[in-house]
Amino acid sequence: MFFEGSEKKVEVVTASAAGSLRELGREYWSGVVATANAEILTTLSNDDCDAYLLSESSLFVWKDRFLMLTCGTTTLIDAFLHFLDSINEDHLLFASYQRKNEYMSHLQVTSWEEDIERLKARIPGKAFRLGNMDSHHNYIFHMDRPYAPAMDDKTSELLMYHIKGESAEYLRSEKQTIEGIRKLLRLDEILPGFALSDWLFEPFGYSLNAIKGDRYATFHITPQEDSSYVSFETNLDVQDNHVLEKLLEALKPGSWDLIGFNSPAPLRENGEFSSMTECQLSLKCGYDMSFNHYQHKAHCKVEAEELV
């Protein structure tokens, strides 16, 4: 059973004149999510943020910004354009749209090129590819408008592929539980004091939103053996509690991407894995973006697959 875990991502920051995005309410955001062919499963809120766990990934809404991730064959571009229909363009301070290479891009409803053509018809922007076309890579489009992010406005994305070992077997088993997955991911260590909302899908697959003040974290696990994918994203300082190292130790991916926005945290090669791709890009919208692809040495050896 194949499921495309690779995600698309949109992030928007608005001016105070736009009013509070949180006050738009769940009904409005349900409509945005529906245009991407997804639905809201659970809601988690505190004084700073509303975190919506979706049937395909996550949506976080603050007073002046929102972040939305969707996976599978969802059409996040439609949700982005739907939001743009309801806001004055002058009230947009920052907007970006990301999309990584998929396992099976031919199954997607739209391509990156089609998405960007539609976006450029609405807002001025620039588009880039980070990474090699014939390997793992990440696309980003950002609105071409000066923006100065706050000092603590940092984001780290850890995208893991080909997980293996006991943890991978557990995530594919009928014995898995939410409590067991939380323990496997060592959430008490990497997200202390966070409020959690998670969902275990059938027959397997797991999603989690976590918030603490204005800090957030989200996990999405697609554990299928031939196309496993695990994403972790947060605006925490990932060097504070060695979260990256702990997740790599727990899930043992064959390869992984590390993407940072004003958060340069490349992992040091240790003989077990090597950096295959390094890319740095200073975006004119105020963020320094980094893309690093790593591969474990054991992942170099693969078995031939008989097709017919």
- Item | chymotrypsin sites (Phe, Trp or Tyr not before Pro) restricted to segment 1-46 and DSSP loop, no more than 12 other C-beta within 10 Å | Phe2
- Query: Over all distinct alpha-carbon pairs, what is the Kirkwood Rh of segment 141-287 in angstrom?
  - Reply: 16.5
- Computed over segment 1-83, Cα set: Rg, Dmax in Å: 12.5, 47
- Query: Taking only DSSP H segments of four or more residues, each worth -39500 (n - 2.57), what value at 222 nm results for the chain once the sum is divided by all its residues, to the nearest 500 deg cm²/dmol?
  - Reply: -5000 deg cm²/dmol
- Note on the structure: By the C-alpha gyration tensor axes a ≥ b ≥ c (rounded if a/c is under 1.5, else prolate when a/b exceeds b/c, else oblate), the shape of segment 74-149 is oblate
- Global geometry of segment 196-242, whether rounded, prolate or oblate, following the gyration tensor of its Cα atoms and the 1.5 cut on a/c: oblate
- Note on the structure: Scan of the chain for GluC sites (Glu not before Pro) in DSSP loops with at most 12 other beta-carbon atoms within 10 Å gives a longest site-free stretch of 40-173
- Note on the structure: Distance in nm between Arg145 and Asp48 label points, each 7 Å along Cα→Cβ, equals 2.4
- So how much slack lies between Tyr28 and Leu267, counting 0.36 nm per residue of separation and subtracting their Cα-Cα distance, in nm? 82.0 nm
- Taking square-rooted eigenvalues a ≥ b ≥ c of the alpha carbon gyration tensor, is segment 217-277 rounded, prolate or oblate, where a/c under 1.5 means rounded and, failing that, a/b exceeding b/c means prolate? oblate
- Note on the structure: Here, Leu307 and Arg186, labelled 7 Å along Cα→Cβ, have an inter-label distance in nm of 4.0
- Separation in nanometres of the label points that stand 7 Å from Cα toward Cβ, at Lys246 and His91: 3.9
- Translational D in µm²/s for the chain (Stokes-Einstein at 37 °C, 0.692 mPa s, Kirkwood Rh from C-alpha pairs): 166
- Counting as exposed only trypsin sites (Lys or Arg not before Pro) in DSSP loop states with no more than 14 other Cβ atoms inside 10 Å, the longest exposed-site-free span of the chain is 1-121
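Read-outs: derived from the displayed coordinates by stated rules, not from any lab. Predicted model only: the values in this text are computed from it and were never measured. Quick reminder, even Gly has a Cβ in these numbers, built from the backbone with ideal geometry, and neighbours come from all protein chains shown.
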